[in-house]
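Here is the structure we will look at, set down as structure tokens.
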Amino acid sequence: MFLCESVLFQNPVAPSLSHTGYMFRKMLIWCSKVGTADYTEEPATKVKFQTSISLPGCSSSLTLLGTGYREKVFAIIGVKVYAAGLYANQSIIGKLDAWKGWPAAQIQDDVSLFKTIFEVPLEKSLQIVLVRDVDGKTFWDALDEAISPRIKAPTPVDETALSTFRTIFQGRPLNKGTFIFLTWPDPSKMLVAVSSGGLPTSTDATIESANVGSALFDVFFGDAPVSPSLKTSVATGLATILK
């Protein structure tokens, strides 16, 4: 695998590949290094994430950029609640040339890079996989507690979006193994899908609020992410792809 990479990528752009196609090949090699050809395992939870997925509302398949986990502390004991993975349309990588050659630590600390990923009008999706049973209300309350402070002056549109978001989880048991997908087709819209039987075939709700979508992305990829391991993994993946 490493020999193949050195041969394939010794030139800045392989002659037979477009720039986007070349970067996509690097994404695939990155995924294969950290897992199998089809799956990557999040090491702390042992949850397996597909390296490429197709989701409702997306124009093309999305590629895994990194994985991590969320841990809550109860009586000084850390309890893992879910694993998470960030997927993106391969064309997003072509918008990140300004960060080419940056080390992972520098990428991780650069707010503008993650802001660019969010603001590019191409699909990205956060997959959450529960590793323990959680009450829907408890899950929403924790999410709302993180989102709301990031929206300084909520508009009626934001309030409606939050209400719609809340309704998805209220009174809904979320059992171990449940998939939750938060997908941004563009910065102004977020698709929410909850599935207990594999990848979803439809969405549960559409959240139409740029402020809510941006706040949620910041929860995971801002200055104080709820899953530092996820942000670190994504930064490491991007540094490898953008070499």
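The values are calculated or read from the model by the stated rules, or taken from the named source; none is laboratory data. Since the structure is predicted, the reported quantities are computational estimates derived from the model, not experimental observations. Please note that ligands, DNA and RNA were not included when accessible areas were found on the heavy atoms of the full protein model with its side chains. Shrake-Rupley method; radii C 1.70, N 1.55, O 1.52, S 1.80 Å.
For region 50-196, which whole-number percentage of the solvent-accessible area (1.4 Å probe, protein heavy atoms only) is attributable to carbon and sulfur atoms?
Ligands and nucleic acids excluded, carbon and sulfur give 52 percent.
Over region 172-225, give the accessible area per residue in Å² for a 1.4 Å probe, as an integer. The partial results should precede the final answer.
Numbers: 2120 Å² over 54 residues.
So region 172-225 comes to 39 Å² accessible per residue, rounded to a whole number.
Is region 39-242 rounded, prolate or oblate when judged by the Cα gyration tensor, a ≥ b ≥ c being the square roots of its eigenvalues, rounded requiring a/c under 1.5 and prolate requiring a/b larger than b/c?
Numbers: a/c = 1.35, a/b = 1.19, b/c = 1.14.
Judged from the Cα gyration tensor, region 39-242 comes out rounded (a/c under 1.5).
Tabulate in residue order the Karplus-calculated ³J(HN,Hα) for region 157-169, using 6.51 cos²θ - 1.76 cosθ + 1.60 with θ = phi - 60°, rounded to whole Hz; enter x for Gly and Pro.
Result, ordered by residue: 5, 5, 4, 5, 4, 5, 5, 4, 4, 4, 4, 4, 9 Hz.
Averaged per residue, what accessible surface does region 46-166 expose to a 1.4 Å probe, in Å²?
Working: 5590 Å² over 121 residues.
Averaged over the residues of region 46-166, the accessible area is 46 Å².
Each residue of region 183-196 in order: what ³J(HN,Hα) in whole Hz does its phi give by Karplus 6.51 cos²θ - 1.76 cosθ + 1.60, θ = phi - 60°, with x for Gly and Pro?
The phi angles translate into 10, 9, x, 7, x, 8, 9, 10, 9, 10, 9, 10, 9, 10 Hz.
Long-range amide H contacts for GLU71: which residues qualify at under 5 Å (H placed 1.01 Å from N, peptide plane, sequence gap of 5 or more or a different chain)?
VAL81
Output ³J(HN,Hα) for region 225-230: one whole-Hz value per residue in order, computed from phi by the Karplus curve 6.51 cos²θ - 1.76 cosθ + 1.60 with θ = phi - 60°, and x for Gly and Pro.
x, 6, 10, x, 5, 5
Just the Kirkwood number for region 122-226, please: inverse of mean 1/r across all distinct Cα pairs, in Å, one decimal.
After inverting the pairwise mean of 1/r, the radius is 13.9 Å.
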